[in-house]
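The values are calculated or read from the model by the stated rules, or taken from the named source; none is laboratory data. These figures come from a predicted structure and were not determined experimentally. Glycine gets a Cβ as well: all are built from the backbone with ideal geometry, and neighbour counts include every protein chain shown. Heavy atoms of the whole protein, side chains included, go into the accessibility calculation; ligands, DNA and RNA do not. Shrake-Rupley method; radii C 1.70, N 1.55, O 1.52, S 1.80 Å.
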Amino acid sequence: MTHYRQFDNGLRLIVHRMEGLFTVSCGVLVKTGSINETKDSNGISHFIEHMLFKGTKNRTAFEISDYTDRIGAQINAFTSKELTCYYTKATAEHLFESLEVLSDIFFDSLFEESESAREKGVVIEEINMCEDEPEELCLDLLARSRYGDEGLGRTILGSIKNVKKFTRQDIREYMEKYYCADNVVISVAGNVDVQAAESMIEQLFACRFTGKKSAEQKKYAEVEPSYLYKCKRTEQSHIAFSFPALPVSDKRNVALALANSVLGGGMSSRLFQKVREEMGLAYSIYSYVSQYKDSGALEIYAGVNTAERAAAERAVSGVVDNLFAEGITEQEFLRGKEQIKSTFVMGQESTSSQMLLFGRYLLFLDKVFDFKERIADIDKTTRDEVNDVIKAVLLKEKASTATVGPGRTPVTL
C-alpha cells in the first residue's frame with residue numbers, strides 16, 4: 001500500500017507500507033545539491049548536511065547520536081549533485097522517535113561557530129581523502145569534462161578554500177532559498193500504520209515550514225566534449241569516458257539500463273569479459289548510468305596498468321564500436337531484463353532502498369512510483385528499442401574523457 005499527500009504549503013509525503021517487515025526507514029529529501037551552487041559557494045550543500053548533526057536547540061551533537069543509539073536506530077545523510085537526504089532506519093515501534101530527531105536537526109540546528117570550526121576540519125579531511133582516491137578523483141574530473149565548471153560539473157565536496165570561509169549566515173541564506181516546503185519530500189517505508197505516519201509528519205514537519213517558496217532550480221549548461229587529466233604518482237592509470245544520455249524522466253530509460261547492463265553493468269558484461277577476463281588489463285572496469293532532472297550520461301571507468309593503458313583504451317573502444325555496430329544479442333537482452341527485474345524485486349525487501357526509491361521518484365518526477373508499472377515497462381521493452389538507444393547514446397564524437405595517473409597523454413576512444 002502506498003499513500004501520497006501534498007500539504008497546503010507544498011510539502012509532499014509518500015508512505016509505502018511494507019507488511020511482514022520489522023523496520024521502517026524515514027527520509028527527508030531536499031531537491032538541492034552542488035548544481036545550485038556558485039563558484040564561491042561550491043560545497044555548501046554538503047557542509048550543511050554535516051552541520052545538521054552538530055547540535056540543536058534541544059540536543060548536543062553527542063545527544064543526537066546517543067538518542068538514536070538508545071532506540072537502536074541508524075541516522076545518516078548524503079549529498080549528491082541534485083539531492084540532499086537525511087534519513088533514519090529503526091524498528092517499526094520507533095517511528096515517532098525517528099521522525100522527531102529528523103525534525104529536530106532539520107528545523108532546530110544551531111550552527112554554532114565552535115562546532116562549525118571543528119566540522120570544517122572534518123570536511124577538509126574528507127576532501128583530502130578524495131584526493132588520495134584516484135578512482136573518485138577521476139570520476140569528478142569526468143563530470144567536469146562532461147558538464148564544464150558550472151552546475152553538474154561541480155564537485156559535491158567543494159574546495160578547501162570555500163569550506164574554510166563558510167559562515168552561519170551563508171548556511172542560513174542557502175537554506176532559506178532551498179530548504180522550503182515545496183522543495184522537500186518526506187518518504188517513509190516499512191511496516192507502519194499509514195494514517196499514524198501522516199499524523200506524525202503533519203505535527204513534526206508540515207506545520208513547521210514558513211510559507212516561503214523555494215528558489216528556482218538551476219539547470220545544466222551544454223558544453224563541448226573535452227578531455228581533462230590530473231598528473232598523479234599512482235600505481236595505475238585511471239581512465240573514464242562519458243557519453244551524453246537521457247534525463248530521469250525519459251521513457252527510454254529501461255532500454256538504456258538494459259544497454260548499460262550489457263556494456264559494463266556486471267561480471268557477464270562485454271567490458272568485464274573483454275578487458276578483465278580475456279585480456280587481463282584491469283581489475284576494476286565497469287559502466288553505469290548517471291541521471292539528473294534535465295540531463296544524463298552513460299559512463300565507463302577502468303583502472304589499468306600504466307604500461308598497458310593504450311591497449312586497454314583500444315579494447316574499450318573496440319567493445320563500444322562492436323556494440324554500436326551490431327547491437328545486443330537476444331541472449332544478452334533476456335539476461336539484462338532478468339538482471340534489472342531482480343534489482344527491483346530485491347529492493348522490495350529493503351525499507352531503506354524503498355524509502356529512497358519512492359522519495360526520489362516523487363521529488364524529481366512528481367509521481368508516485370508504481371512497482372507493477374515498472375515491471376510492465378521492462379517486460380514490454382524490445383530488443384530493437386535497446387539497440388536504438390545504443391545508436392543514440394554511444395556516439396564517440398560526443399564523448400568526454402578524463403584520466404588520473406602518470407603522464408599527460410590524452411585518453412582516446
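Does segment 146-165 include one or more residues that are over 30 Å from residue 231 (Cα atoms) and modelled with pLDDT of 95 or more? Break it down stepwise before answering.
To start, the set of residues in segment 146-165 that are over 30 Å from residue 231 (Cα atoms) comprises none.
There is no residue in segment 146-165 that is over 30 Å from residue 231 (Cα atoms) and modelled with pLDDT of 95 or more.
I need every pair where a residue in segment 58-73 that is farther than 19 Å from residue 119 by Cα has its Cβ under 8 Å from the Cβ of a residue that is surrounded by 14 or more Cβ atoms within 10 Å (Cβ to Cβ) and charged (D, E, K, R), sequence separation at least 6 or different chains.
From residues that are farther than 19 Å from residue 119 by Cα, the pairs are 58/104; 58/108; 67/59; 67/97; 71/97; 73/89; 73/97.
For segment 57-76, give me the residue count where each residue is among the polar types (S, T, N, Q) and either within 20 Å of the chain's Cα centre (by Cα) or within 19 Å of residue 120 (Cβ to Cβ) (or both).
Step one: of segment 57-76, the residues among the polar types (S, T, N, Q) are 58, 60, 65, 68, 74, 76.
From what is left, the residues that are either within 20 Å of the chain's Cα centre (by Cα) or within 19 Å of residue 120 (Cβ to Cβ) (or both) are 60, 74, 76.
Matching residues across segment 57-76 total 3.
Every residue, every condition in (1) open to solvent by 50 Å² or more (accessible area, probe 1.4 Å); (2) out of contact with any Pro (no Cβ under 9 Å at 6 or more places or on another chain), yes or no:
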{"position": "151", "(1), (2)": "no, yes"}
{"position": "166", "(1), (2)": "no, yes"}
{"position": "175", "(1), (2)": "no, yes"}
{"position": "179", "(1), (2)": "no, yes"}
{"position": "184", "(1), (2)": "no, yes"}
{"position": "199", "(1), (2)": "yes, yes"}
{"position": "224", "(1), (2)": "yes, yes"}
{"position": "231", "(1), (2)": "yes, no"}
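In segment 206-233, how many are hydrophobic (A, V, I, L, M, F, W, C) and within 25 Å of residue 37 (Cβ to Cβ)? Spell out the reasoning first.
Taking segment 206-233 and keeping what is hydrophobic (A, V, I, L, M, F, W, C), we get 206-207, 209, 215, 221, 223, 228, 231.
Within this subset, residues satisfying the condition of being within 25 Å of residue 37 (Cβ to Cβ) are 209, 215, 221, 223, 228.
Here the count works out to 5.
Assuming residue 257 fulfils every condition listed in (1) open to solvent by less than 10 Å² (accessible area, probe 1.4 Å); (2) under 16 Å from residue 381 (Cβ atoms); (3) among the small types (Gly, Ala, Ser) apart from one, which condition is it?
Every listed condition holds for residue 257 apart from (1).
Go through segment 93-113 and count every residue that is among the hydrophobic types (A, V, I, L, M, F, W, C), within 19 Å of residue 173 (Cα to Cα) and either at pLDDT below 95 or out of contact with any Lys or Arg (no Cβ under 6 Å at 6 or more places or on another chain) (or both).
Adding up the residues that qualify gives 3.
Determine whether segment 194-204 contains at least one residue that is within 24 Å of the chain's Cα centre (by Cα) and touching a residue at least 24 places away in the same chain (Cβ under 8 Å). Don't jump to the end; show me each part of the working.
Of segment 194-204, the ones within 24 Å of the chain's Cα centre (by Cα) are none.
For segment 194-204, residues within 24 Å of the chain's Cα centre (by Cα) and touching a residue at least 24 places away in the same chain (Cβ under 8 Å): absent.
Residues 338, 277: which one is surrounded by fewer than 18 Cβ atoms within 10 Å (Cβ to Cβ), under 26 Å from the mean Cα position of the chain (by Cα), assigned to a helix (DSSP H, G or I) and among the acidic types (Asp, Glu)? Outline the logic, then answer.
Numbers: 277 fails: under 26 Å from the mean Cα position of the chain (by Cα).
Going through 338, 277 in turn, the sole match is 338.
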